[in-house]
There are 2 protein chains.
Amino acid sequence: MKPVTLKQIAETLGLSVATVSKALRNYPDVSEKNKKLVNDLAKSLNYVPNPSAVNLRTQKSKTIGVIIPATVHHFFSNVINGILEVAEKEGYLVILMQSNENYELEKRHVDLLINKNVDGILMSLSNKTNNFSHIKKILDFGIPLTLFDKISKSVNCSKVIIDDKTAAYNAVTYLIKKGHKKIAHFRGDLIPQNSIDRFLGYKQALIDNNIPYDASLVFMCNNNNDFKDGYNAAKILHKNFGDSVDAIFCITDVVATGALKYFRDNSIKVPEDIALFGFSDWFMSSVITPTLSTVHQPGFEMGKESAKILLDEINNKYKGKTVSYKTVVLDTKLVIRESC
Amino acid sequence: MKPVTLKQIAETLGLSVATVSKALRNYPDVSEKNKKLVNDLAKSLNYVPNPSAVNLRTQKSKTIGVIIPATVHHFFSNVINGILEVAEKEGYLVILMQSNENYELEKRHVDLLINKNVDGILMSLSNKTNNFSHIKKILDFGIPLTLFDKISKSVNCSKVIIDDKTAAYNAVTYLIKKGHKKIAHFRGDLIPQNSIDRFLGYKQALIDNNIPYDASLVFMCNNNNDFKDGYNAAKILHKNFGDSVDAIFCITDVVATGALKYFRDNSIKVPEDIALFGFSDWFMSSVITPTLSTVHQPGFEMGKESAKILLDEINNKYKGKTVSYKTVVLDTKLVIRESC
């Protein structure tokens, strides 16, 4: 006996194949009545889902979904603008979801985007995401996915990143070459790969220059690397070490700006008393006094590149071509200004 | 003879009522084949759409759509965070769309959100939106809508705004009381209501203080009130007027920051040579040197209030209660810092 198909269930009940498929997957836009009908019949016919049938659509929706952790960072605004530029040219609409660095919300966003039939998903993971079953679900549904900036090495898909470790290594090496010996690090959360890599780059630069690594000089930013994080870390650093620390390498420009504000409020001179180095090259970094040295992170290009890879993958999928995953590493550069 | 209903068409063709309704409205997620079937039958049966049948859903999707002009302004990030706080508490997911100040894109976003069955829409209009048929379409579909910040007075729906004219009037009056007599204005685009109102407040403050209004002192920011706009306007102002202008009232803090950068680059001292006043109270305004005087615009509260009004309207609609529109005007205040 041949296995029962979705189509047969659909025809028996007078429903569309899509409705039957969604009913079996408990989608919210199918009525409870239809869910019951479908599930009862599927059970009585011993229906076994066919994994290759999960993607039932043959028509593109011409929309892509983007999940980002926050819009408050200028970096992500740049990424969004890069994505929009490419998507618009190709006639795609972009649905944005902001996870607010919340893993549970990120999971719900993934479900919503799958449910809304987007053709592909671009995603930068929240700082709290340490389980990737929701990401794997996207791939199980056959939906093209490209991760950017905050990625996980354990997910097998296309990625657009920078080399955070090397960039951080270069920044800290620059500080050491300028004569700084006691260099603190205001680091990001423990989970995100870019936060880990920037920390590792910091540590490696110290070791390679014969400066002993001192864990007490590393401060965690717990409020998603924002202005207050930098302000508070500078306060604790100053309380614990007085003026003995001569430079700080910060996880982001916003954190560095918070530190700068603390030093300003307490008449500690930057760069004379303490040097500061940021990361991201936010446009404000060239405006504040002193202007901030930083790692230029190409947000706009990252958005464009991610969108291009995703749209290629979508096109290949619809043409029935084999999809291969790429990892693109974009160049960064040090931008030296007045703060060090 | 009774008029033909959607339901009859649906039953005749073995399609769902939703599919028939969407086919008649030319929705992209209905196949061309079904569109032709439905439209041919509707034509042959002389089907006349019933306006009260446009909203066919009886179940909430528990998602709301938000269309904003840009994420690059910290103000909109704050609004989004306010919206997310309220939406999350009530179990709603938020779909964001960024129009990039593009009217055509804004129209497509409206269509997409209607098509994706959101329960309600929150919207801040693009600088280029001067036709409101897409907004009226939302209301015609019976979808609750709340406009915030950049609204149109000609659309009849709930609104959350600030009193831009009074806020601008107070800022410019403050500059006049401090002894400034030749005050320039870096204004926004001609279309948005908040740009018009801030300009009118500026003008009225001059008139009420017996300072003649001089149109040559008003500079248009054409690049969506960004940093470069402020920089370029300051450059032209300086070229045209040398050091005879003693203060500038800017449409946004970002524009003021751009102007500040120009003056810094050209050794013109703020506030000694020229005073600056911004609008929005971006968090960076308290960090730059000199710190910037501004109008505090309550973005987070605006997001919360808009979301609350929208969710109330959605709930009332589903309970069959009469919906009444509200306009909420949130308080602003002057924040005086070093720049004036």
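The values are calculated or read from the model by the stated rules, or taken from the named source; none is laboratory data. Values in this document were obtained by computation on a predicted structure and should not be read as measured data. With ideal geometry, Cβ positions are generated from the backbone for all residues, glycine too; neighbour counts draw on all protein chains shown.
Is it fair to say A:Asp140 is under 22 Å from A:Ala87 (Cα atoms) and charged (D, E, K, R)? No. Checking each residue in region A:79-100 for being outside any helix (DSSP H, G or I) and under 20 Å from B:Leu113 (Cα atoms) picks out A:Glu90, A:Gly91, A:Tyr92, A:Leu93, A:Val94, A:Ile95, A:Leu96, A:Met97, A:Gln98, A:Ser99. Restricting attention to region B:281-334, the residues being more than 14 Å from chain A (Cβ to nearest Cβ), among the small types (Gly, Ala, Ser) and either out of contact with any strand residue (DSSP E or B) (no Cβ under 7 Å at 6 or more places or on another chain) or assigned to a strand (DSSP E or B) (or both) number 3. Any residue at all in region B:138-149 that is within 11 Å of another protein chain (Cβ to nearest Cβ) and hydrophobic (A, V, I, L, M, F, W, C)? No, region B:138-149 has no match at all. Within region A:127-164, restricting attention to residues that are surrounded by 15 or more Cβ atoms within 10 Å (Cβ to Cβ) and hydroxyl-bearing (Ser, Thr, Tyr), the residue that is farthest from the chain's Cα centre (by Cα) is A:Ser158. I'd like to know if region A:199-208 contains one or more residues that are polar (S, T, N, Q), in contact (Cβ under 8 Å) with a residue 12 or more places away in the chain and more than 22 Å from A:Val270 (Cα to Cα). Yes: one or more hits.
If we scan region A:55-77, do we find a residue that is modelled with pLDDT under 80, away from chain B (no Cβ under 14 Å) and either assigned to a loop (DSSP other than H, G, I, E, B) or closer than 29 Å to A:Leu310 by Cα (or both)? Yes. Each residue in region B:1-21 was checked for being modelled with pLDDT of 75 or more and of a type in the set (Lys, Arg), and 1 pass.
B:Asn100 satisfies every condition listed in (1) modelled with pLDDT under 95; (2) buried (at least 23 other Cβ atoms within 10 Å of the Cβ); (3) under 23 Å from B:Phe279 (Cβ atoms) except (2). Report yes if A:Tyr231 is surrounded by fewer than 16 Cβ atoms within 10 Å (Cβ to Cβ) and hydroxyl-bearing (Ser, Thr, Tyr), otherwise no. Considered against the rule, which asks whether it is surrounded by fewer than 16 Cβ atoms within 10 Å (Cβ to Cβ) and hydroxyl-bearing (Ser, Thr, Tyr), A:Tyr231 comes out as no.
The residues of region A:238-276 that are in a helix (DSSP H, G or I) and either touching a residue at least 60 places away in the same chain (Cβ under 8 Å) or under 13 Å from A:Arg187 (Cα atoms) (or both), listed by number, are A:Asp253, A:Val254, A:Val255, A:Ala256, A:Ala259, A:Leu260. Here region A:84-105 is the region considered, the condition is being of a type in the set (Asp, Glu) and within 11 Å of another protein chain (Cβ to nearest Cβ), and the residue that is nearest to A:Asn315 (Cα to Cα) is A:Glu88.
Checked against (1) closer than 21 Å to A:Tyr174 by Cα; (2) at pLDDT 95 or above; (3) crowded, with 17+ Cβ neighbours inside 10 Å, A:Asp273 meets all criteria but (3).
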